[in-house]
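The values are calculated or read from the model by the stated rules, or taken from the named source; none is laboratory data. These figures come from a predicted structure and were not determined experimentally. Cβ placement follows ideal geometry from the backbone for every residue including glycine, while neighbour counts extend to all protein chains displayed.
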Amino acid sequence: MSDQQNVYPVRDDFAANAWADKAKYEAMYQQSMDDPEGFWAEQAKRLDWIKAPTKIKNTSFARDNVDIRWFEDGLLNVSANCLDRHLEKRGDQTAIIWEGDNPDDSKHITYRELYARTNQLANALKELGIGKGDTVTLYMPMIPEAAMAMLACSRIGAVHSVVFGGFSPDAVAQRVIGADSKLVITADESVRGGKHVPLKENVDAALTRDGTDVCKNVLVVKRTGGEIDWKEGRDVWFDELVDKQSSECEPEAMGAEDPLFILYTSGSTGAPKGLKHTTGGYLTYAAMTHQYVFDYQEGEIYWCTADVGWVTGHSYIVYGPLANGATTLMFEGVPSYPTHGRMGDIVDKHNVNILYTAPTAVRALMAHGENVMDSSKRDSLRLLGSVGEPINPEAWEWFYRVIGNEKCPIVDTWWQTETGGIMIAPLPGATPLKPGSATVPFFGVKPALVDNEGKQLEGATEGNLVILDAWPGQARSIWGDHERFVQTYFSTYDGMYFTGDGCRRDEDGYYWITGRVDDVLNVSGHRMGTAEIESSLVAHSAVAEAAVVGFPHDIKGQGIYIYVTLNDGIDPTDELKKELTQWVRKDIGPIASPDVIQWAPGLPKTRSGKIMRRILRKIAANECDGLGDTSTLADPSVVDELIEHRANQ
Ligand code: WT7
């Protein structure tokens, strides 16, 4: 292996000036393991508490009693921590730099302005009858109102559920029902890459579905002025309602374990699950990781390119940075518009110091060659970050060399929607980097590798990645279904949180995530359950059966490969392939677009009828020589037929 060939030592300037150097990381990590109570009691002080917690950690991962509480007797308000407490020192500092899809559109919003508008919005929510414990669904473009809406909910103790603006009406409906949302906040349209996406129209469609009548109002930001339908009595213009409100709204005193947000994510089975994140532990963890992993220094401009519809946007565009009084950049558009140099142009325009993005974005740029960034200098950059999927060493080196001008450490951050914040990542002043490795655990994180029976593996080895003890940022439950939470994460290996990822650990104790070991795909850093796509397909009248697997894709990391068995008498035409593609896009959203559809007269199944995905994955990856044992198949000839008619990618 090439582990040892390319090690990037810690830069001297980082070791000298960063929040943590090697000695400090080691000492703090050790303390966080030896005395988690003392460690996190100290860290909780980074927040302003209405009532400081005295009970710090009360957690159990035991299968028959999964119960996770941090700081449980503390009281605080998240928006007050992200806004009010900064006013005195940095009221006039920019909190959010907004960069529009159109490069001519940008604005700066100070902490004072963000405070005032958030309070107005909080009062507006109250006027709409929203209060503590109510849930609000956000289906919004990447505009400052999205951050304001999250913060306004937290101010009054309402629970937000952000739905990514690329999801379909059905996905919105499912989540409105699942969270029992009385209110949806949206915009007329979003704008991405010069194209308008009809968000309000999608909400209108969503709210015609059975069960969505829990939703009483739709609050609509006017983003483009595009034409929309209006339902009197239900729909309310954002500015009309918000402008007239007071800019003071008393923050609600929330228990540390009161819910802050729900965020839906895909699993290996069933419909997406709404992870429940709570208040005190989540914010402590988001803020601390943001400070240490990105080595955020006073006054720096920080840009995370994620969307607020994903957990990365929650923890590292909104909550972590704002809790730390940072300047966070929010970008409405896509990295390829109007040119492929856009990311670099934005860095130069706003003097971005820290850039946190995804391997898929790096690979997409790489495909356009060495000169793709020539319109910018990017001299302001000091640190780069990567998240969402394993970054292949080639992409890492390219990111380092071409984007970072060979002077910026890259923090490859492994974490999940469930973990709330970064779990395994280098600290730039402490950890030598190895391209492709997320490196070492963050404070308080106790990873382990286990075999399929749950036996812990020692030393340099490979296995299933589990976490052995609780950390403050983790999800507490699945909204409305604690049993499913226990089943999904704590039942595979008793007493351990199972991540669903496979992982290798090298001689230096560095962790190398190898990817999901369950039926979850990671397409361009977006997580998708194969079961979700399959159930969408079999709902089409032409489809008898469908099996979905991932296959290696140069830019997306994984692509979506679909095997479809048609009902008797249906012709396997190219038109039908297009129709099925549209069907899935409409049902789930464009991110679930199939890359390849192959007609499968039969699927490889065991005699008990279980589809052998292992074989389908191999065929999709064009590794037809290494299919392994097919003797347990009910009808081995289907495999030859699939190989012979393997679809061209
Ligand atoms: C899955 C979680 C939390 C950030 C966005 C994704 C994969 C995430 C890395 C990384 C290797 C990674 C894992 C994980 N993943 N970051 N740095 N290296 N793999 O959140 O949608 O909940 O997906 O993304 O497979 O389980 P998510």
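Within segment 622-646, the set of residues being part of a loop (DSSP other than H, G, I, E, B) and of a type in the set (A, V, I, L, M) comprises Leu627, Ala634.
Within segment 501-516, the set of residues being crowded, with 18+ Cβ neighbours inside 10 Å and farther than 15 Å from Ala438 by Cβ is empty. Among the criteria (1) more than 12 Å from the ligand (Cβ to nearest atom); (2) at positive phi, the one Gly515 does not fulfil is (1). When segment 297-309 is filtered for residues that are surrounded by 23 or more Cβ atoms within 10 Å (Cβ to Cβ) and either among the aromatic types (Phe, Trp, Tyr) or away from the ligand (no atom under 16 Å from the Cβ) (or both), the ones remaining, listed by number, are Tyr302, Trp303. Number of residues in segment 587-615 that are under 21 Å from Glu644 (Cβ atoms) and either of a type in the set (Gly, Ala, Ser) or over 29 Å from the mean Cα position of the chain (by Cα) (or both): the value is 11.
Where residues in segment 351-383 are among the small types (Gly, Ala, Ser) and away from the ligand (no atom under 16 Å from the Cβ), which of them is farthest from Gly436 (Cα to Cα)? Result: Ser375. Checked against the criteria, Met343 counts as farther than 23 Å from Ala18 by Cβ, at pLDDT 95 or above and either within 16 Å of the ligand (Cβ to nearest atom) or not in a loop (DSSP other than H, G, I, E, B) (or both).
For segment 466-563, which strands (runs of 3 or more DSSP E) that fit wholly inside it have 3 or more residues that are within 18 Å of the chain's Cα centre (by Cα)?
Details: elements: 497-505, 511-516, 520-523, 526-529, 543-553.
Ranges flagged: 497-505, 511-516, 520-523, 526-529.
In segment 310-327, the residue that is farthest from His108 (Cα to Cα) out of those that are over 17 Å from the mean Cα position of the chain (by Cα) and surrounded by fewer than 24 Cβ atoms within 10 Å (Cβ to Cβ) is Asn324.
With the requirement that a residue be in contact with a strand residue (DSSP E or B) (Cβ under 8 Å, 6 or more places away or on another chain) and under 25 Å from Ile424 (Cβ atoms), what does segment 364-386 give you?
First, the residues of segment 364-386 that are in contact with a strand residue (DSSP E or B) (Cβ under 8 Å, 6 or more places away or on another chain): 380-386.
Passing the criteria: Leu381, Arg382, Leu383, Leu384, Gly385, Ser386.
Count of segment 329-354 residues, restricted to those that are of a type in the set (Val, Ile, Thr), under 26 Å from Leu138 (Cβ atoms) and surrounded by fewer than 22 Cβ atoms within 10 Å (Cβ to Cβ), is 1. Among the residues of segment 415-430 satisfying the criterion of being surrounded by fewer than 24 Cβ atoms within 10 Å (Cβ to Cβ) and assigned to a loop (DSSP other than H, G, I, E, B), which is farthest from the ligand (Cβ to nearest atom)? In this case the residue turns out to be Gly429.
With the structure loaded, tell me whether Gly444 is buried (at least 22 other Cβ atoms within 10 Å of the Cβ), farther than 18 Å from Gln558 by Cβ and more than 15 Å from the ligand (Cβ to nearest atom) or whether it fails that test. It would help to see each step written out before you state the result.
On the way: buried (at least 22 other Cβ atoms within 10 Å of the Cβ): yes; farther than 18 Å from Gln558 by Cβ: yes; more than 15 Å from the ligand (Cβ to nearest atom): yes.
Considered against the rule, which asks whether it is buried (at least 22 other Cβ atoms within 10 Å of the Cβ), farther than 18 Å from Gln558 by Cβ and more than 15 Å from the ligand (Cβ to nearest atom), Gly444 comes out as yes.
Take the residues of segment 431-441 that are within 13 Å of the ligand (Cβ to nearest atom) and of a type in the set (S, T, N, Q): which is surrounded by the fewest Cβ atoms within 10 Å (Cβ to Cβ)? Ranking the candidates gives Thr439 first. Only residues that are of a type in the set (Ser, Thr, Tyr) and either surrounded by fewer than 24 Cβ atoms within 10 Å (Cβ to Cβ) or under 15 Å from Lys273 (Cα atoms) (or both) were counted across segment 138-189, and they come to 2.
Of the residues contained in segment 5-25, none is found to be assigned by the TED database to the domain that holds Val334, hydroxyl-bearing (Ser, Thr, Tyr) and over 26 Å from Gly509 (Cβ atoms).
From the set of residues in segment 384-401 that are out of contact with any Asp or Glu (no Cβ under 7 Å at 6 or more places or on another chain) and assigned to a helix (DSSP H, G or I), which is farthest from the ligand (Cβ to nearest atom)? If you could, list the steps in order and put the result at the bottom.
Let us first name the residues in segment 384-401 that are out of contact with any Asp or Glu (no Cβ under 7 Å at 6 or more places or on another chain), namely 384-385, 387-390, 392-399, 401.
When the remaining residues are screened for being assigned to a helix (DSSP H, G or I), the result is 393-399, 401.
On the way: Pro393: 12, Glu394: 15, Ala395: 12, Trp396: 11, Glu397: 16, Trp398: 16, Phe399: 13, Arg401: 19 Å.
Residue satisfying both the conditions and the ranking: Arg401.
Contact map, segment 373-392: residues that are under 22 Å from Tyr292 (Cβ atoms) and without any contact (Cβ under 8 Å) to a residue 40 or more places away in the chain paired with residues that are more than 7 Å from the ligand (Cβ to nearest atom) and part of a loop (DSSP other than H, G, I, E, B), Cβ distance under 7 Å, separation 6+ or inter-chain. Pairs shown: Leu381/Val352; Leu381/Asn353; Leu381/Gly404; Leu381/Cys408; Leu384/Gly404; Leu384/Cys408; Ser386/Ala358. Quick check on segment 34-57: of everything there that is in contact with a Lys or Arg (Cβ under 9 Å, 6 or more places away or on another chain) and surrounded by fewer than 16 Cβ atoms within 10 Å (Cβ to Cβ), which residue is nearest to Ser437 (Cα to Cα)? Filtering first and then ranking leaves Glu37.
Give Val638, Val584 a once-over and let me know the one that is over 27 Å from the mean Cα position of the chain (by Cα) and buried (at least 18 other Cβ atoms within 10 Å of the Cβ). So that I can check it myself, show each step before the final result.
Values: Val584 fails: over 27 Å from the mean Cα position of the chain (by Cα).
That would be Val638, the only listed residue that is over 27 Å from the mean Cα position of the chain (by Cα) and buried (at least 18 other Cβ atoms within 10 Å of the Cβ).
Among residues of segment 535-561 being surrounded by fewer than 21 Cβ atoms within 10 Å (Cβ to Cβ) and within 12 Å of Ile588 (Cβ to Cβ), the one that is nearest to the ligand (Cβ to nearest atom) is Ser535.
Filter segment 45-88 for residues that are among the basic types (Lys, Arg) and in the same structural domain as Glu483 (by the TED database); which is nearest to the chain's Cα centre (by Cα)?
Step one: filter segment 45-88 for residues among the basic types (Lys, Arg), giving 45-46, 51, 55, 57, 63, 69, 85.
Next, only the ones that are in the same structural domain as Glu483 (by the TED database) stay: 45-46, 51, 55, 57, 63, 69.
On the way: Lys45: 27, Arg46: 24, Lys51: 31, Lys55: 30, Lys57: 26, Arg63: 26, Arg69: 23 Å.
Going through the qualifying residues, I end up with Arg69.
Name the single residue, out of those in segment 402-414 being on the phi < 0 side of the Ramachandran plot and in a loop (DSSP other than H, G, I, E, B), that is nearest to the ligand (Cβ to nearest atom).
At the first step, the residues of segment 402-414 found to be on the phi < 0 side of the Ramachandran plot are 402-404, 407-414.
Those still in the list that are in a loop (DSSP other than H, G, I, E, B) too: 404, 407-409.
Numbers: Gly404: 17, Lys407: 22, Cys408: 17, Pro409: 15 Å.
My answer is Pro409.
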